[in-house]
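Quick notes on the structure that follows.
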Amino acid sequence: MGSHGYPAWMRGTVLTVSLTAVRDDLAVTLEETLKLARRLAEDARDTEVPVAELVAQAVMLGRLDQQREELIGQLRRTASAGLRANTPGPPIRKVVLTALDELGWPQNARFLGEYLWAKRQLQLDSRAFASLRRDELRAWRRSPGARTAYIVPALNPDGTANPRWLTSSAWDLPRRVIASPETERLFDLQKILALHVRGSRGPLGTLLERYVTQILAIEPPPVSASVAATRAWRGHVRSHAAALIEAIRHRDDADRDQIAAGLAGLSDHDRTWGAAA
């Protein structure tokens, strides 16, 4: 029997049925959304429709939007479970460590989860990352340093853990240190450089556009934009992010090196997991 309570020969069928059911629910929700959106657009132009009615319809649209997001999340989790069941890969901790090495700098759990979905269609939520961090710490306590790398928190200037940012214990200490808010800005900008997108927009492309909007306040190209225009936009935001990173690192590298030198005398445990507050 597997983790879902089904024998191995049934698991694929159950996942397929579940995925089909979620897709059907999503299709119904989208159809209802389109119908209500058209009605709201028509009523908004009709001066005889009371404002209260428009507000009520907008509230209903909001509920449908929330339902759509919940179904999308369920779809991602189901698809991810099916992929892991049908094509078992390395342990999750190794997948996360590989992602951290691909990204090159500390990253927060939310972005890592979104990156893993866009890159590998692997769904991990915040609770999964919290559980993973606890498992890593337990493994260390059983046999300190037995693994070549652990998923560990970044370190504040006083050596305490900063669990908002995940790092690899295999990295040099200066890379794991947060010197100031400028360091966190550096980590955010690195998201943009790490997302190498080619061709159609796809999952990685839409992830890049969302974070460019959040971090650089640059709007993505319109849906109707040509491939050439989208490619030019990507080149522009990468160049802009690289210039900002260079300006920050000119100051921040020296600060992190100095802090790391001061933390070098901590015990192996405290350098890895953070000192007690």
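The values are calculated or read from the model by the stated rules, or taken from the named source; none is laboratory data. Everything numeric in this text was worked out from a predicted model, so none of it was measured. Neighbour counts are summed over all protein chains in view; Cβ atoms, including those assigned to glycine, are modelled from backbone coordinates with ideal geometry. The area values use the complete protein model at the heavy-atom level, side chains included, leaving out ligands, DNA and RNA. Shrake-Rupley method; radii C 1.70, N 1.55, O 1.52, S 1.80 Å.
With coordinates expressed along the principal axes, the C-alpha atoms belonging to the stretch 128-277 extend over 55, 34, 23 Å, beginning with the largest. Shape class for the stretch 210-250: oblate, because the ratio a/c of the largest to smallest gyration tensor axis (alpha-carbon atoms, square roots of eigenvalues) is 1.5 or more and b/c is at least a/b. Accessible surface area normalised per residue over the chain is 56 Å², counting heavy atoms of protein chains with a 1.4 Å rolling probe. Accessible surface for TRP117 stands near 50 Å², nearest 10, in the context of the full protein assembly shown (1.4 Å probe). To the nearest 10, the accessible area of GLU114 is 30 Å² with a 1.4 Å probe.
Relative protection proxy for 258-269, 214-225, from highest mean packing down: 258-269, 214-225 (other beta-carbon atoms within 10 angstrom). Note on the chain: with charges restricted to the Cβ of Lys and Arg (+1) and Asp and Glu (-1), its dipole about the Cα centre is near 1100 debye. For the stretch 127-277, with all protein chains in place and a probe radius of 1.4 Å, 54% of the accessible heavy-atom surface sits on carbon or sulfur.
Within a straight-line Cα-Cα reach of under 29 Å, LYS119 can be paired with the following lysines, leaving aside sequence neighbours fewer than 8 residues apart in one chain: LYS94, LYS191. Anisotropy class assigned to the stretch 187-230 is oblate, per the alpha carbon gyration tensor with a/c at or over the 1.5 cut-off and a/b no larger than b/c. Close amide H contacts of VAL177 (hydrogens built in the peptide plane, cut-off under 5 Å, sequence separation of 5 or more or a different chain): LEU155.
Working from the Cα coordinates of the stretch 152-194, the gyration tensor eigenvalues give, after taking √(5λ), semi-axes of 17, 12, 9 Å in decreasing order. What is the antiparallel percent of DSSP beta bridges lying wholly in the chain, to the nearest 5? Taking every DSSP beta bridge with both residues in the chain, the antiparallel ones total about 75 percent. Rolling a 1.4 Å probe over the protein chains gives ASP270 an accessible area of about 40 Å². Taking a ≥ b ≥ c as the square roots of the Cα gyration tensor eigenvalues, the chain comes out oblate, since a/c reaches at least 1.5 and a/b does not exceed b/c. As a rough guide to protection, the peptides 195-207, 51-63, 176-188, 93-105 ranked by mean Cβ packing within 10 Å, highest first, stand as 176-188, 93-105, 195-207, 51-63.
Across the stretch 223-234, computed HN-Hα scalar couplings (Karplus, 6.51 cos²θ - 1.76 cosθ + 1.60, θ = phi - 60°) run 4, 7, 4, 6, 4, 5, 5, 5, 5, 5, 4, 4 Hz from first to last residue, x flagging Gly and Pro.
Working from Cα pairs under 8 Å separated by at least six residues, relative contact order for the chain is 16 percent.
A 1.4 Å probe over all protein chains sorts TRP233, TRP165 by accessible area into TRP233, TRP165, starting with the largest.
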